[in-house]
Amino acid sequence: MSDRKPMDLDLARADFPPGFVFGAATSGYQIEGRRFGGCGLSHWDTFAATPGNTVRGEDGATACDHYHRWREDLDLVRDAGLDCYRFSISWSRVLPEGRGAPNPAGLDFYERLVDGMLERGLQPFATLYHWDLPVPLADLGGWRNRDVADWFADYTEVIMKRIGDRLETAATINEPWCVSWLSHFLGEHAPGLRDIRATARSMHHVLLAHGRATQAMRSLGMKNLGLVTNFEYASPADDSPEAARAARLYDGIYNRWFLGGVFDKAYPQDVLEGLGPHMPEGYEQDFDIIGTPVDWLGINYYTRKVIAPDGSGQFPALKEVEGPLPKTQMNWEIFPEGLHHFITWTHRRYTKGLPIYVTENGMASPDTLSDGRVDDPARIEYLNRHLKEVRRAIDEGAPVKGYIVWSLLDNYEWSLGYEKRFGLVHVDFDTLERTPKASWHALGRALKDKG
Ligand code: IFM
């Protein structure tokens with residue numbers, strides 16, 4: 001039995017190696033408020049304006065109004081005892097047309113934000129793309145159009161010339177699986193397509209864009225460049241070979257495709273069997289760009305999925321079925337062992353010694369404010385169990401350098417609107433008032449001793 005007090009974490013800063021960083025993450029569209037500061041429209045605005053795509057038609061027009069409240073938000077990161085803040089840059093805030101003339105207010109905003117982190121002793125961890133593609137580029141085919149890689153590299157150069165010298169780390173793309181499969185095959189995120197040709201192309205172009213942006217940042221002399229991939233553990237629904245095949249393919253599409261492109265300079269054969277006919281011609285010639293060396297990998301991890309064959313005979317011929325484990329507000333099973341699996345597997349199979357950061361981990365719960373307090377014991381337990389798995393992976397030799405909670409604030413959870421609360425800090429979406437939750441206080445107690 002643990003002798004920890006209720007509402008405390010079992011582990012503290014001292015249980016992790018020297019220099020290990022703890023942080024909190026957010027993304028531009030989910031918190032900033034798109035309508036402020038001359039930001040252009042992104043395909044999330046038009047997707048959300050289309051009936052039925054998002055819960056109650058909610059969008060990121062106001063979100064958490066971080067655009068005006070960023071000082072208070074950075075204070076909250078600092079006061080939780082955290083070391084770094086992972087944020088994303090909105091492409092359409094920097095370049096409202098996606099290309100061409102920059103928005104001076106957008107460049108100023110990110111410069112102030114980064115300087116604000118440094119003033120508070122926080123390491124800036126920047127991400128260049130967290131899903132808000134400018135609409136003029138979406139009109140040209142977005143991620144289906146090969147030119148997106150060049151547009152992305154040009155945008156990278158514009159923003160990094162301004163802030164690249166002050167970042168601790170920079171990542172190109174957040175969660176390429178979401179950018180491509182979730183958005184072009186499952187149709188659940190913008191642009192909401194359900195088209196296999198669009199899917200295959202976006203799955204390739206997103207990596208090409210990653211490679212081109214990495215090269216652009218190298219040319220500027222930037223260091224500490226990475227990619228952030230998300231993972232889901234795939235468990236077969238039963239002992240049948242068909243379920244094993246379905247789970248393996250789910251793993252291929254979700255977990256092996258993007259790492260394969262970057263670290264093997266090849267895509268996994270089982271996935272190519274379905275996507276091959278829809279790939280852009282000559283795609284193999286892009287692997288030298290896609291495989292441009294990175295300095296670290298970010299792992300985003302939340303859950304596992306139980307996978308069964310769907311009997312359709314049409315690629316990928318699989319479906320998710322309800323699993324037996326306790327679930328979060330997202331209806332995602334809580335499976336901390338999966339985080340250990342992905343850290344150790346990625347390290348041994350792909351990254352082979354490169355630093356790994358857990359760039360996102362956390363849970364949604366229907367947290368409510370009562371008497372000025374927000375008690376979220378389930379989140380504390382979730383963080384506790386996942387941190388132990390990180391610790392176990394480090395003990396086994398995995399070079400994990402940091403752990404970043406998703407998210408600092410309750411925010412716009414994409415097609416699910418504002419109902420799913422992932423924050424360490426509660427946001428009242430009527431008044432925009434921030435209230436630190438019990439998990440924020442628990443982290444603060446665990447991390448207060450910076451040594
Ligand atoms: O809110 C998202 C985030 O934008 C990307 N990773 C997963 C989170 C929870 O769904």
### Query
If you count the DSSP beta bridges with both ends in the chain, what percent of them are antiparallel, to the nearest 5?
20 percent
### Task
State which helices in the chain qualify, where a helix is a whole DSSP H run, it must extend 20 Å or more along its own axis by its Cα atoms, and its mean Kyte-Doolittle hydropathy must be at least -0.5.
104-119, 148-163, 196-219
### Message
Can you give me the C-alpha center-to-center distance between segment 74-99 and segment 326-386, rounded to a whole angstrom?
### Response
21 Å
### Task
Pairs of lysines 8 or more apart, or on different chains, with alpha carbons under 17 Å: count those in the chain, would you?
14
### Task
Counting helices only, and only those DSSP H runs with n ≥ 4, report the 222 nm mean residue ellipticity of the chain as the sum of -39,500 (n - 2.57) divided by its residues, in deg cm²/dmol to the nearest 500.
-10000 deg cm²/dmol
## Note on the structure
Most packed first (mean Cβ within 10 Å per residue), the peptides 170-181, 23-34 order as 23-34, 170-181
### Task
Keeping all protein chains in place, calculate the accessible area per residue for the chain (probe 1.4 angstrom), answer in Å².
37 Å²
### Message
Given contacts defined as C-alpha pairs under 8 Å and at least six residues apart, what's the relative contact order of the chain, whole-number percent?
### Response
19 percent
### Within the accessible area of segment 1-76 (1.4 Å probe), percent carbon and sulfur
55 percent
### Task
Assuming a ≥ b ≥ c are the square roots of the Cα gyration tensor eigenvalues, decide whether segment 214-307 counts as rounded (a/c under 1.5), prolate (otherwise, with a/b larger than b/c) or oblate.
oblate
### Accessible carbon and sulfur surface of segment 225-362 relative to its total accessible area, %, 1.4 Å
50 percent
## Note on the structure
Taking a ≥ b ≥ c as the square roots of the eigenvalues of the Cα gyration tensor, with a/c under 1.5 meaning rounded and otherwise prolate when a/b exceeds b/c and oblate if not, segment 264-305 is oblate
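The values are calculated or read from the model by the stated rules, or taken from the named source; none is laboratory data. Remember, predicted model here, so these are calculated numbers, not experimental data. Note that we place each Cβ from the backbone using ideal geometry, even for glycine, and neighbour counts take in every protein chain shown. The area values use the complete protein model at the heavy-atom level, side chains included, leaving out ligands, DNA and RNA. Shrake-Rupley method; radii C 1.70, N 1.55, O 1.52, S 1.80 Å.
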